[in-house]
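Novice: Please find one structure pasted underneath; my questions will follow.
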Amino acid sequence: AIAEPCRKRMEGHVESRQKEAENALERATKPMRIGATCANKKSSSGSQLFFGDICHVAVYTGTNILSADKIKAHNTSGRQQRSLQADRIFALAAAQFQTALDFAPDDAQVLEKYCSSLCNSLVFDASNADAVKRNKRKVSDAIGVFLDTENADALAEVLRRLPKDYKYGDLGCAAYEALLDLDPDYFTVSSHMPLRELALIPSKFSLFTPGSPASFMRVAAHIYRKVLSEGSLGSIYGEVPLAWAKALQSDEVIVGLVAQAESDADQRDLDLHVFHPIDKMEDCDLMVVADNRRLTTALNLTECAKITDEGVYEAAKCCTSLKALNIDGCSKLSDRSLLALKRFAPGLLTLSASKCHRFGDVALTSLFQTTKKLKILNVNFCKEFSDDAMAALAKCCKFLELLHCQHCTGLTDLGVYQFALEVQAKNLRSLDLAYCRNIGDDALEVVAKKCLHLDWLSVKGLSRLTDGSIKALTHNLWKLQHLDLEDLFLITDDVFYFDHERDGRKAADAAMLTTVTSLNLSECTGLTDDCLGGIATRCARLRSFKAAHVPELTVAGFRHFVVEPVARAPRGESLHVLDLGFCPSMDDRALETLCKACPQLETLNVAGCVQLTDGAMKIICTNCGHVKSLGLSYVKRLTDAAICTAADYLWLEELDVSGCSHLTDDGVEVLCLEMAGLVKLDLSSCSKLTDAAIESIRRHSEHLRWLKVANLSGVTSERLAALQEANSNLRVIREDLTNHDDGKPLDRIAFDE
């Protein structure tokens, strides 16, 4: 009796709007007449016609004059909000339904019709953001009323009737939590909303989407635990029973396990980071998972800083078939974990233990003697990894394909020399020795002569290296695809040209650097324009090129880089990453030369190129429309105009405009309004910015996940706190921190491929 009249009113309202829209579309096809109405269904030729040029003025007299009321009515109808009539109808229906519920709170038909009417309001005028907020407020208020009146079935019906969409997840969570406040044991196999239907709620609202609010994850985990507590529903999320998962304490872990089960992924590959970060996992959860997944062959515990030796010991004891283990960032682990792996996981093929500072040389050596099939080893930042362990690795692990040991300062020439002589060179493909500063030319020359199958090599920060060892690398490693020579300030342009005097091999001349696709020469201050000519001649397949902080590069060198100087062949067509930050001679003209030759660029960094102007942004937009990551820090002549240009033409995900002192709050507002996909933003040291810029970010940049606002005197802590509260997934960095190992900023946008 209540629903039918309201339904008819709404249908009439929708029908009238459809007719108005049809008339508007029809009028749009007719010629415009000054001082007259267009043709319509009532009058094929229109009415109140006036024929003449636009410069003429028409004066209406007599009976045909347009009254002020008619003009005002037409103007008002065009400006008024169309959703107000719908709001009035919904409010009328809500009042009548509430009266009915007061009389019969358990009437299933009234509940169904009321909640259906209430939730249908959400999809009406869904394209209007204000209307959506207003309609969501109605549902939220109704949830509060149901909570006050202790009507649990009504809350369950709201949960059922809400539209299937992520943006209504907050309402779903509110209804669920309100229902639990009334009755924690409400859900059963035969309740108004049975457990089998409740099991689908997290998927209905995509509560487990990465980057979702913490409340979404909490509600999803609570639902999974409640559903899995019912024995008959242990396999509801897939063929693999998950009843045991209800004992897990970490919300992220249980949500990840369910997501894995629903995706039909290989249950032996326990990498829950694919679905959601599980860095809060503790030993108790690891033990439960390992005990119930004993056939696990791959385990990823990246950044699980709460995991200790006890957890790893039990995991290794249960998962004796373990082939791959990632414990990067598990800083509490010590030699006891290595001994557990030695005892229970002799078949280990992959071990990644970056930043495990407590691992000792003796325990690592002992592990290598047992895990002889080890293929991949990452011990970056493990300072105890020294010459003895490296020699033992090469001697015992004959299948080794990858060794990454950057910042292992205990390594010397002796360890690398012994490694190069003992390792099976035909298997070794990747070697990272970055910032192992005690390594010199002698060791690298042996690597160049013995490890001929390397395709990935980093010697970044080995400041003792000279042309001798780098020439050995470029002349002998014919399969190299990635070469990182950053911060080798002793090398010169000669390393990119074949040495006919000391090496007469024709094959070496033909193969030198021809397979390289990624090259990093940043901070190699001894290089000049000549190196760019050699690179253009040899490296025709480059996808990534970095030469930041190389002061001697000029416009002439850039011309050689994009047009090979010997055969005059064009270069740059396949380049995706270009970093020429802090190049003093870079101006608009030089940038135009590069951008025209590199149309596929996705990452561009020209930070510190102080000669660039707002015109540079137009050049980038015109020639490199695929750019997603852009570095413009300390481009001092940049203004809001450049930001507006970028907003019109580019889809940016990462932007660094730190130190751009002419950038104002208006520019940031345009940035936030137009660049909806922005994920990382650096506004540090933009001295003109105030709280207004932070407010623009709060209102419009809901997808932003990383923001740096160091050295902003005009921004208050209160405004930043409000921003953090509005976007709980946003990481806000308020100060500059430096890495003690290499002296570089810790928190910055890395312009990588």
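The values are calculated or read from the model by the stated rules, or taken from the named source; none is laboratory data. In this text the structure is predicted, and so the values were computed from the model without any measurement. Every residue, glycine as well, gets a Cβ built from its backbone with ideal geometry; the counts of neighbours run over all protein chains shown. Side chains included, ligands, DNA and RNA excluded: accessible areas come from the protein's heavy atoms. Shrake-Rupley method; radii C 1.70, N 1.55, O 1.52, S 1.80 Å.
Novice: How do 622, 466 stack up against each other in accessible area, from largest to smallest, with a 1.4 angstrom probe?
Specialist: In descending accessible area the options line up as 622, 466.
Novice: With Cβ to Cβ distances under 13 Å as the rule, what net charge do the other residues near residue 690 carry (K, R +1; D, E -1)? It would help to have the intermediate numbers written out before the result.
Specialist: Details: positive: 688, 719; negative: 665, 666, 669, 691, 695, 718.
Overall, the nearby charge balance is -4.
Novice: Here's something else I'd like to know. Once you charge only the Cβ atoms, +1 for Lys and Arg and -1 for Asp and Glu, what is the size of the charge dipole of the stretch 211-269 about its Cα centre, to the nearest 20 debye?
Specialist: The dipole of the stretch 211-269 has a size of about 320 debye.
Novice: Can you give the angle from 0 to 90° between the axis of helix 387-396 and the longest principal axis of the chain, with both taken from C-alpha atoms, to the nearest 10?
Specialist: 90 degrees
Novice: In whole Hz, with x marking every Gly and Pro, tabulate ³J(HN,Hα) for the stretch 358-375 from phi via Karplus 6.51 cos²θ - 1.76 cosθ + 1.60, θ = phi - 60°.
Specialist: In residue order, the calculated couplings are 8, 6, x, 4, 5, 5, 4, 4, 5, 5, 4, 5, 9, 8, 6, 9, 4, 10 Hz.
Novice: Related question: Among (1) 335; (2) 220; (3) 136, which one is volume of the Cα convex hull per residue in Å³ computed from these coordinates?
Specialist: (2)
Novice: List the lysines whose Cα lies under 22 Å from the Cα of residue 479, skipping any in the same chain that are fewer than 8 positions away.
Specialist: In chain and number order, the partners are 375, 398, 426, 449, 450, 460, 471, 506, 546.
Novice: If one takes the longest principal axis of the Cα atoms in the chain, at what angle in degrees, from 0 to 90 and to the nearest 10, does the Cα axis of helix 108-123 lie?
Specialist: Helix 108-123 and the main axis of the chain meet at about 70 degrees.
Novice: Using the Cβ atoms and a cut-off under 9 Å, what net charge is assigned to the surroundings of residue 227, where Lys and Arg are +1 and Asp and Glu are -1?
Specialist: Working: positive: 196, 225, 226, 246; negative: 230.
Neighbourhood net charge equals +3.
Novice: Pull up all non-local amide H partners of residue 563: gap of 5 or more, or a different chain, and H-to-H distance under 5 Å with H placed in the peptide plane.
Specialist: Under 5 Å from the amide H of residue 563: 571.
Novice: Further, regarding this structure: Picking from 683, 186, 572, whose Cα lies most toward the positive end of the charge dipole for the chain (charges on Cβ: Lys, Arg +1; Asp, Glu -1)?
Specialist: Projecting each Cα onto the dipole axis, the largest value belongs to 572.
Novice: Right, something else. Round to the nearest 10 and report in Å² the accessible area of residue 26, as given by a 1.4 Å probe over the protein chains' heavy atoms.
Specialist: Spelled out: residue 26, probe radius 1.4 Å, area about 60 Å².
Novice: Considering Cα pairs under 8 angstrom that are at least six residues apart, work out the relative contact order of the stretch 417-510 and quote it in whole percent.
Specialist: 27 percent
Novice: For the stretch 175-184, take each phi angle, set θ = phi - 60°, evaluate the Karplus expression 6.51 cos²θ - 1.76 cosθ + 1.60, and give the result in whole Hz per residue in order, putting x for glycine and proline.
Specialist: Once θ is set to phi - 60°, the couplings for the stretch 175-184 become 5, 5, 5, 5, 5, 5, 4, 6, 8, x Hz.
Novice: Follow-up. Relative to the longest principal axis of the chain, what angle (0 to 90°, nearest 10) does the C-alpha long axis of helix 529-538 take?
Specialist: Orientation of helix 529-538: about 90 degrees from the principal axis.
Novice: Hey, if you put +1 on the Cβ of every Lys and Arg and -1 on every Asp and Glu Cβ in the chain, which of 118, 240, 496 ends up farthest toward the positive end of that dipole?
Specialist: Ranked along the dipole, the leading option is 118.
Novice: How much accessible area does residue 706 have with a 1.4 Å probe, in Å² rounded to the nearest 10?
Specialist: 20 Å²
Novice: For the full complex of protein chains and a 1.4 angstrom probe, list 280, 375 by accessible area with the highest value first. It would help to have the intermediate numbers written out before the result.
Specialist: Details: 280 120, 375 75 Å².
These residues rank, largest area first, as 280, 375.
Novice: Follow-up question, since we're still on this one. Please give me the summed charge of the neighbours of residue 414: other residues whose Cβ is under 10 Å from its Cβ, Lys and Arg +1, Asp and Glu -1.
Specialist: After counting each charged neighbour, the total is -4.
Novice: What is the stretch 204-311's relative contact order, in percent, from Cα pairs under 8 angstrom and six or more apart in sequence? If you can, show how the numbers build up before the last one.
Specialist: Working: 143 pairs, mean separation 24.4, N = 108.
Relative contact order, the stretch 204-311: 23 percent.
Novice: Evaluate the charge dipole of the chain about its Cα centre and quote only its size in Debye, nearest 20, assuming +1 on the Cβ of each Lys and Arg and -1 on the Cβ of each Asp and Glu.
Specialist: Dipole of the chain, to the nearest 20 debye: 1700 debye.
Novice: Continuing with this model, one more query. As I understand it, the dipole of the chain uses +1 on the Cβ of Lys and Arg and -1 on the Cβ of Asp and Glu, about the Cα centre. Which of 386, 622, 229 lies farthest toward its positive end?
Specialist: Of 386, 622, 229, it is 622.
Novice: For a quick check of understanding: with a 1.4 angstrom probe and all protein chains in place, what accessible area in square angstrom does residue 123 have, to the nearest ten?
Specialist: For residue 123, the solvent-accessible surface is approximately 90 Å².
Novice: Rank these residues by their accessible area, most exposed first, probe 1.4 Å: 620, 236.
Specialist: On the way: 620 0, 236 50 Å².
Accessible-area ranking of 620, 236, largest first: 236, 620.
Novice: How big is the shadow of the Cα convex hull of the stretch 297-438, averaged over all directions, in nm²?
Specialist: If I average the Cα hull's projected area over directions, I get 7.0 nm².
Novice: Sticking with this one: Cross-link candidates for residue 306: which lysines have Cα within less than 23 Å, leaving aside residues fewer than 8 places away along the same chain?
Specialist: By straight Cα distance, residue 306 reaches 246, 280, 317, 323, 332, 342, 355, 383.
Novice: Something else: To the nearest 20 debye, what charge dipole does the stretch 522-665 have about its Cα centre, counting +1 at the Cβ of each Lys and Arg and -1 at the Cβ of each Asp and Glu?
Specialist: 500 debye
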